[in-house]
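The values are calculated or read from the model by the stated rules, or taken from the named source; none is laboratory data. Since the model is a prediction, treat every value here as computed from it, not as a measurement. Quick reminder, even Gly has a Cβ in these numbers, built from the backbone with ideal geometry, and neighbours come from all protein chains shown. Protein only, heavy atoms only, side chains kept; ligands, DNA and RNA dropped before computing areas. Shrake-Rupley method; radii C 1.70, N 1.55, O 1.52, S 1.80 Å.
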Amino acid sequence: MSLTDILCPSDIAAALRDCQAPDSFSPKKFFQISGMSKKSSSQLKEIFRILDNDQSGFIEEDELKYFLQRFECGARVLTTSETKTFLAAADHDGDGKIGAEEFQEMVQA
């Protein structure tokens, strides 16, 4: 399964266009534009599984850096400040990584 099986390709493209400039990425806005914020819990778990590149059950900081590239190969890498802000916004238990429940809470907030 791929992200385009769950999300509309044109919504993904619009979300990526919105954050093309360095330091313009807003997770909340990206989730809204891409349509992720309207998805069910089971769909968000599948999206999380796809984004969890190493299948560790967590999205770590090094995976977050390449978050946009999981949606489109040619997308830019998140800046260090964007990555740290993204991680801090979702990492509720302070373990330095985002679990599936933390991801779902952030997307649906």
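Things worth noting here:
- Those residues of the stretch 8-33 which are among the aromatic types (Phe, Trp, Tyr) and under 18 Å from Cys73 (Cβ atoms), in sequence order: Phe25, Phe30
- For the stretch 5-25, a residue qualifies if it is part of a helix (DSSP H, G or I) and without any contact (Cβ under 8 Å) to a residue 60 or more places away in the chain, and the qualifying residues are Asp5, Pro9, Ser10, Asp11, Ala13, Ala14, Ala15, Leu16, Arg17, Asp18.
- Total residues in the stretch 61-78, condition in a helix (DSSP H, G or I) and free of Cβ contacts under 8 Å to residues at least 60 places away in the same chain: 7
- The stretch 93-106: number of residues that are without any contact (Cβ under 8 Å) to a residue 60 or more places away in the chain and either in a helix (DSSP H, G or I) or among the β-branched types (Val, Ile, Thr) (or both): 6
- Test result for Ala89, touching a Leu at 6+ places or on another chain (Cβ under 6 Å) and among the aliphatic types (A, V, I, L, M): no
- Positions within the stretch 79-92 being at pLDDT 95 or above, surrounded by fewer than 18 Cβ atoms within 10 Å (Cβ to Cβ) and part of a loop (DSSP other than H, G, I, E, B), in sequence order: Thr79
- Within the stretch 26-60, the set of residues being of a type in the set (A, V, I, L, M, F, W, C) and either part of a helix (DSSP H, G or I) or open to solvent by less than 20 Å² (accessible area, probe 1.4 Å) (or both) comprises Phe30, Phe31, Ile33, Met36, Leu44, Ile47, Phe48, Ile50, Leu51, Ile59.
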